[in-house]
Each structure stands twice: as structure tokens, then as C-alpha cells.
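Participant: Encoded as C-alpha cells, here's the structure I'll be asking about.
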Amino acid sequence: MAETLGMNQPGAIAIPEDLLPSDGRFGSGPAKILPAAVADLASQAGGYLGTSHRRPTVKDVVHRVRRGLEEMYALPAGYEVVLGLGGATAFWDVATACLIEHRSGHFTCGEFSGKFADAVRAAPHLDEPTVVTAKPGSAPEPRPVPDVDTIAFIHNETSTGVQAPFDRLGDELVLVDATSAAGVIPIDVAATDAYYFSPQKALGSEGGLWVSLVSPKAVERAAEIDTRDRWIPPFLSLSIALDNSRKDQTYNTPALATLWFLAWQIEHVLENGGLPWAHRRSTASSDVLYRWAEQSAYANPFVAASRLRSATVVTIDLDDAVSADGVSHHLRANGIVDTESYRKLGRNQLRIATFPNIDTEDVESLTGCIDFIVQAM
Ligand SMILES: *Cc1c(COP(=O)(O)O)cnc(C)c1O
């Protein structure tokens with residue numbers, strides 16, 4: 001048990017040692033990084049951390065990230081892996097600056113998909129976006145949106161645990177936020193023009209970076225918008241990011257550990273069988289939780305439609321009589337962390353990540369720990 005994470009708080013329910021998971025990290029991001037990855041970085045740190053990002057030692061790592069993602073996603077001809085700084089949140093601004101011509105359509109179902117629409121709404125150079133929304137715990141069905149040049153979907157709404165459908169419906173650019181899906185859920189990249197993500201969730205790395213798999217059409221759109229009379233801050237320029245990515249570097253200084261963990265994780269997934277392997281692991285773990293909740297006297301899956309239930313972020317509602325915050329508090333006191341629901345959702349809920357780095361046996365142990373705490377409460 002990772003004792004460093006636990007806090008021996010007075011009044012906390014002590015879970016018997018034999019019920020505890022081997023690793024107590026169940027957060028949806030930053031998420032569990034494999035101890036083997038940390039040990040590998042530690043053993044190589046002297047020749048890597050604190051060295052120039054314009055030299056081969058670091059550029060080789062960026063190269064491995066780009067080649068690895070090409071293989072993982074079997075990128076169609078002409079698609080490229082682009083990297084920049086600032087996470088998926090920054091990519092919303094990149095898209096607002098460089099990809100949307102006049103008006104975008106957004107399929108939203110929670111905090112993250114909604115935030116992209118908000119970023120666009122605030123942009124003075126764009127028309128009011130069209131937003132198709134579904135209530136939290138559900139997802140809107142893809143359908144044509146009139147008078148838009150770009151459509152934004154989310155693959156996995158991390159705030160609610162919904163795995164949402166997306167589709168290419170016309171000739172609009174299709175942007176898909178894949179932050180808690182990338183590295184796990186197999187997709188046909190040809191159905192998207194920018195499949196983008198931050199690496200600190202399903203991809204077991206650190207934050208601060210955005211990665212986007214971009215189509216030739218997206219690259220052309222950005223180049224065309226560059227010729228217009230639109231101010232594009234260089235930090236948000238997709239074309240500048242692309243120029244740098246092609247040279248295996250980023251426009252400005254990246255966090256070297258983030259790149260290193262990302263390359264490590266991509267290769268770890270590929271060595272074990274790629275996305276189908278990762279997806280099987282996450283599905284096995286999430287199934288444990290959904291089945292446990294369905295059979296529990298006090299818990300229920302929040303997402304009613306089973307086809308929308310996420311394989312990577314599981315949300316479980318508890319009966320009013322059982323305080324989810326209380327459960328999470330006692331879990332935390334035993335070193336089992338970050339099971340709290342997404343704060344703005346405001347439900348009596350647990351949210352548990354089932355990324356491939358999290359062992360299914362640990363998820364099984366977690367259900368035992370929750371049952372133990374609820375009994376003791
Ligand atoms: C976490 C998350 C984001 C924001 O990522 P940052 O790295 O904090 O910018 C965006 N979209 C989804 C789906 C997320 O889960």
C-alpha cells in the first residue's frame with residue numbers, strides 16, 4: 001500500500017490491510033503513472049532531465065511519441081501527430097484561433113465539452129456557436145448542424161463518465177476531445193480532423209501538453225486562415241506547432257518528464273497489444289464497478305444507458321442515506337485517493353478511473369473497501 005498517500009486522521013475508519021488495493025490511485029487526472037515508468041525515468045534522469053529540448057536526447061523522445069501514436073492509431077495517409085503546450089484546454093483556443101472559420105457546432109454533455117463551446121462563444125472573430133446539448137449522464141446523438149464549418153464532439157466526458165458517439169456528418173471539420181479516451185478506446189481516425197488530448201489521464205503521463213492527430217484537411221484549413229486578416233498569437237498557431245512537430249520539437253520549452261512518460265506509456269501499450277489490449281483492461285475494470293453498483297443495495301451507475309457508460313471513467317451514484325463525500329473521505333484516510341465526484345456536477349457520487357494502468361484486481365479491492373466503509377459508517 002502506498003502509505004505516503006494515506007493520512008492517519010483521527011475518526012477515520014481503518015480498512016483492514018487485506019482488503020486494501022495494492023495501489024490507491026483511482027483519480028481521473030492526473031492519473032496513476034506506472035511505478036516501472038517512474039523507476040525507468042529515475043534510472044535515466046541524469047542523461048535526460050535538464051538537457052536541451054533542441055538536442056537529439058529530447059527530440060528522440062518526441063519522435064517516439066509521434067511514431068508511436070501513428071502506429072497506435074494506424075494513422076491514415078497524410079494525417080500527422082502535432083504537439084503543443086498547455087493541454088487540451090489550450091487546444092480549444094488553438095481551434096478557436098486556427099480551425100473555426102465562422103461558426104462551430106458543439107455536442108455537449110458536461111463540463112469539458114461545455115467549456116470548449118464557452119471558449120468559442122467568447123471569441124470576437126467568430127459567430128455565436130450552435131450548441132446541441134444533453135443533460136449530464138447522457139449524450140446528444142450526432143446529427144447535421146446547419147451553417148457551421150466545424151463540429152466539436154467529446155469522446156469521453158470525464159466530468160460525467162459518459163462515452164459519447166461522434167460521426168462525420170458532412171464536410172465540416174470534425175474535432176474530437178479525446179482526453180480521457182486516447183490510449184484506450186479504438187477509433188477510426190479518418191472520421192475526425194483533429195483527435196486531441198492531454199496526456200495525464202488515460203495515457204499515464206503528466207499534464208501541460210496537448211497532442212492532436214490532424215487530417216490534411218485541418219492542416220489546409222489552418223493554412224488558409226493564416227492568410228486572412230486574423231490575429232493569431234504564435235503560441236496558439238497550429239501551423240507553427242505543426243512546423244515544430246515535424247522537427248520533433250515544440251514551439252516553446254516542454255516539460256521533459258511529460259514527454260518521457262508519454263513515450264513510455266505509448267510503447268507500453270503497443271508492446272502489450274495496442275488499443276484492443278488497453279480497451280480490454282479498462283472494460284474489465286469498469287465492468288467490475290458497474291456490476292457491483294447494479295447489485296449493490298445503496299449504489300447505482302449514474303449513466304442509465306449502458307451503451308453510453310464509459311470504459312475509463314466510472315460514475316456511481318449513492319443513495320441519499322450514504323454520503324459519497326464521507327465514503328471518499330474515509331477512503332482517502334486509508335490511502336485510496338481521488339474517488340470524489342466532479343465537483344461542479346454536485347451529485348452524491350463517486351467517480352473512479354479505470355484507465356489501463358489501474359489493475360482490475362485493485363478495482364475489485366476498491367469495491368470491497370467501499371462496502372466495508374459503508375457498513376462501518
Ligand atoms: C481533463 C480534460 C480536459 C482539460 O485538460 P487540461 O490538460 O487540464 O487542459 C479537457 N477535456 C477533457 C475531456 C478532459 O478530461
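The values are calculated or read from the model by the stated rules, or taken from the named source; none is laboratory data. Because the structure is predicted, anything quoted here is derived from the model rather than measured. So basically every Cβ, Gly included, is an ideal-geometry build from the backbone, and we count neighbours across all protein chains shown. Side chains included, ligands, DNA and RNA excluded: accessible areas come from the protein's heavy atoms. Shrake-Rupley method; radii C 1.70, N 1.55, O 1.52, S 1.80 Å.
Participant: List the residues, sorted by chain then number, that are 5 or more residues from Ile151 or on another chain and whose placed amide H is less than 5 Å from its amide H.
Facilitator: Gly105, Leu173, Val174, Leu175
Participant: How large is ³J(HN,Hα), in whole Hz, for each residue of the stretch 155-172 in order, when computed from phi with the Karplus curve 6.51 cos²θ - 1.76 cosθ + 1.60 and θ = phi - 60°, using x for Gly and Pro?
Facilitator: Once θ is set to phi - 60°, the couplings for the stretch 155-172 become 7, 9, 7, 4, 6, 10, x, 10, 9, 9, x, 9, 7, 8, 10, x, 9, 5 Hz.
Participant: Check the straight Cα-Cα distances from Lys217 and name the aspartates and glutamates below 17 Å, setting aside those fewer than 8 residues away within the same chain.
Facilitator: Partners found: Glu80, Glu101, Asp149, Asp167, Asp171, Glu172, Asp188, Asp193, Asp226, Asp243.
Participant: Starting from the Cα of Lys135, draw a straight line to each of the aspartates and glutamates and keep only those under 19 Å, dropping any in the same chain fewer than 8 residues away.
Facilitator: Glu111, Asp118, Glu157, Asp177, Asp317
Participant: Take Arg54, project a point 7 Å from its Cα along the Cβ direction, then tell me which residues of the stretch 64-107 have their backbone nitrogen under 20 Å from it.
Facilitator: Correct set: 83-85.
Participant: Let me ask something else. Let me know the whole percent of all Cα-Cα pairs from the stretch 185-283 that are separated by more than 24 Å.
Facilitator: 32
Participant: Ok, one more. With θ set to phi - 60°, apply the Karplus curve 6.51 cos²θ - 1.76 cosθ + 1.60 along the stretch 107-119 and write out the HN-Hα couplings as whole Hz, x wherever there is a Gly or Pro.
Facilitator: Per-residue couplings from phi come out as 9, 10, 8, x, 4, 6, 5, x, 5, 5, 4, 5, 4 Hz.
Participant: Show the residues, 5+ positions off or on another chain, whose built amide H is closer than 5 Å to the amide H of Val132.
Facilitator: Sorted by chain and number, the residues that satisfy this are His106, Phe107, Thr108.
Participant: Now a separate question. If we sort 216-229, 72-85 on the protection proxy, mean other Cβ atoms within 10 Å, highest first, what's the order? Walk me through the numbers on the way to the answer.
Facilitator: Values: 216-229: 15.2, 72-85: 18.5.
In decreasing order of mean packing, 216-229, 72-85 become 72-85, 216-229.
Participant: Label-point separation (nm) for Asp371 and Ala12, each offset 7 Å from Cα along Cα-to-Cβ?
Facilitator: Result: 2.3 nm between the two label points.
Participant: Where a Cα-Cα gap under 22 Å defines reach, which lysines qualify for Lys201, not counting those fewer than 8 residues away within the same chain?
Facilitator: Within reach: Lys32, Lys115, Lys344.
Participant: Among 253-264, 299-310, how do they line up by average Cβ neighbours within 10 Å per residue, starting with the highest? Numbers along the way, then the final one.
Facilitator: On the way: 253-264: 21.0, 299-310: 17.7.
Taking the mean over residues of other Cβ atoms within 10 Å, the ranking is 253-264, 299-310.
Participant: While we're looking at this one, here's another question. As an exercise, find the ratio Rg/Rh for the stretch 100-154 from alpha-carbon atoms, using the Kirkwood inverse-distance average for Rh. The partial results should precede the final answer.
Facilitator: On the way: Rg = 10.6 Å, Rh = 11.2 Å.
Expressed as Rg/Rh, it is 0.95.
Participant: How many nm separate the modelled label positions at Trp231 and Asp319, each set 7 Å beyond the Cα in the direction of the Cβ?
Facilitator: Roughly 5.9 nm, to one decimal.
Participant: Quick check: convex hull of the Cα atoms in the stretch 27-151, volume per residue, rounded to a whole Å³?
Facilitator: Convex hull volume per residue, Cα atoms: 179 Å³.
Participant: Can you tell me the relative contact order of the stretch 84-135? Whole percent, Cα pairs under 8 Å, sequence separation 6 or more. Walk me through the numbers before you get to the answer.
Facilitator: Values: 53 pairs, mean separation 21.1, N = 52.
Contact order relative to length: 41 percent.
Participant: For the chain, what % of the accessible area comes from carbon and sulfur atoms, probe 1.4 Å?
Facilitator: Details: 7560 of 15000 Å².
Here it works out to 50 percent.
Participant: For Glu111 and Arg307, FRET efficiency with R0 = 30 Å and r from the beta-carbon atoms, rounded to 0.05? Kindly include the intermediate steps, with their values, before the conclusion.
Facilitator: Details: r = 22 Å, r/R0 = 0.72.
After rounding, the FRET efficiency stands at 0.90.
Participant: In addition: Diagonalise the Cα gyration tensor of the chain and give the resulting equivalent ellipsoid semi-axes, square root of 5 times each eigenvalue, largest first, whole Å. Present the calculation step by step, with values, prior to reporting the outcome.
Facilitator: On the way: eigenvalues 251, 133, 57 Å².
With the √(5λ) rule applied to the chain, the semi-axes are 35, 26, 17 Å.
Participant: A further question follows. Once phi is turned into θ = phi - 60°, what whole-Hz ³J(HN,Hα) does the Karplus curve with 6.51, -1.76 and 1.60 give for every residue of the stretch 273-283, x standing for Gly and Pro?
Facilitator: x, x, 4, x, 5, 4, 5, 4, 4, 5, 5
Participant: Return the calculated 222 nm mean residue ellipticity for the chain, to the nearest 500 deg cm²/dmol, obtained by summing -39500 (n - 2.57) across DSSP H runs with n ≥ 4 and dividing by the residue count. Write down the numbers at each step before the final one.
Facilitator: Details: 10 runs with 136 residues, N = 377.
Calculated from helices alone, the mean residue ellipticity at 222 nm is -11500 deg cm²/dmol.
Participant: Quick check: pseudo-label points 7 Å beyond the Cα along Cα→Cβ at Arg291 and Asp127, how many nm apart are they?
Facilitator: Calculated label separation equals 5.1 nm.
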